[in-house]
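Written below as structure tokens is the structure these notes are about.
The values are calculated or read from the model by the stated rules, or taken from the named source; none is laboratory data. Quick caveat: nothing in here was measured; it's all calculated off a predicted structure. Cβ placement follows ideal geometry from the backbone for every residue including glycine, while neighbour counts extend to all protein chains displayed. These area figures cover heavy atoms from the full protein model, side chains too; ligands, DNA and RNA do not enter into them. Shrake-Rupley method; radii C 1.70, N 1.55, O 1.52, S 1.80 Å.
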Amino acid sequence: MTRLNWNWLGVVPFFAFAALFLILPTMNIVIGAFQNPEGGFTLSNLAGLASPRIVDSFAISIKVSLASAVLGCLIGFAMAAAVVMGGVPGWIKAPLMTFSGVASNFAGVPLAFAFISTLGRVGLVTMLLRQWFGINIYAMGFNLLSFWGLTLTYLFFQIPLMMLIITPALEGLKREWREAAEVLGASTFQYWRMVALPILFPSLLGTFALLFANSFGAVATAYALTGSSLSIVPIMLFAQIRGDVLQDPHLGYAMAFGMIVVTGLANLAYVVMRARAERWMR
């Protein structure tokens, strides 16, 4: 008689949670994207994605995601390099990495409220700049409820996420590689251009893809911050499912299906690049 393996009992809650809140909702979205209100098969929902308003919403979302991913990668990489290679004291590194772990998961309504309280029209920093330095950032063209305002807000969790992911890759750079480059007469710039960056490139590209997917699917922060003033895909999708715009939930399913495809490709790129990067670090 085959004995029951109780080792699997500990992962039952995980599989149950994944099935209830990830697999089944995803299947419902995919099926709903190809159904009409009567439950029959149709491709009209996917054809509806070609409407100018939905195309514009996807374009804005992709631009915001690209901007926040690029800036998050650049700033996060610079900070991680300073921590790993810049001789930052341990008493600074440990709290910084702990804060990054917290900040990378800080999003939604609390993050939107924090930025409105800080950089809104009557936010703390906005008022201090106006009263102490005579600088009115809104008169200079800044608007928190805009493309760059949302991108700036996303950077709050994009930069820490970049630091968390790229720090182990930087720590995996062997000292012997730099010493060998210096023995051969390479400068610091040449070492980074010819040795370090080619090795780190899969990690950088994979992390960029992950940051892109992370911001592309964010809805609570964008909705709480901008409301309907910035028509990105998650906000349009939220309105469609609620029936506020065209009262067509199945078109909302099609939009969600489109988001699944975009984020799925981005996450697939991250997994592939991460696997390639790990081969160099063994």
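A few notes on this one:
- Residues located in segment 167-226, provided they are assigned to a helix (DSSP H, G or I), open to solvent by less than 30 Å² (accessible area, probe 1.4 Å) and of a type in the set (A, V, I, L, M): Ala169, Leu170, Ala181, Ala196, Ile199, Leu200, Ala209, Leu211, Ala213, Ala222, Leu225
- Test: residue in segment 129-144 that is free of Cβ contacts under 8 Å to residues at least 60 places away in the same chain, open to solvent by less than 70 Å² (accessible area, probe 1.4 Å) and either outside any loop (DSSP other than H, G, I, E, B) or in contact with a strand residue (DSSP E or B) (Cβ under 6 Å, 6 or more places away or on another chain) (or both): yes
- Some residue of segment 111-118 being open to solvent by 60 Å² or more (accessible area, probe 1.4 Å) and farther than 28 Å from Gly172 by Cα: yes
- With respect to the conditions (1) open to solvent by 70 Å² or more (accessible area, probe 1.4 Å); (2) over 27 Å from Gln158 (Cβ atoms); (3) assigned to a helix (DSSP H, G or I), Pro37 falls short on a single one, namely (3).
- Unique match (being open to solvent by 80 Å² or more (accessible area, probe 1.4 Å) and at pLDDT below 90) among Pro52, Pro89, Pro25, Pro95: Pro52
- Contact annotation: residue pairs with Cβ atoms under 8 Å, 6 or more positions apart or on different chains, pairing a residue in segment 110-128 that is among the polar types (S, T, N, Q) with a partner that is in a helix (DSSP H, G or I) and surrounded by fewer than 18 Cβ atoms within 10 Å (Cβ to Cβ), are Ser117/Leu124; Thr118/Leu124; Thr118/Val125; Thr126/Thr118.
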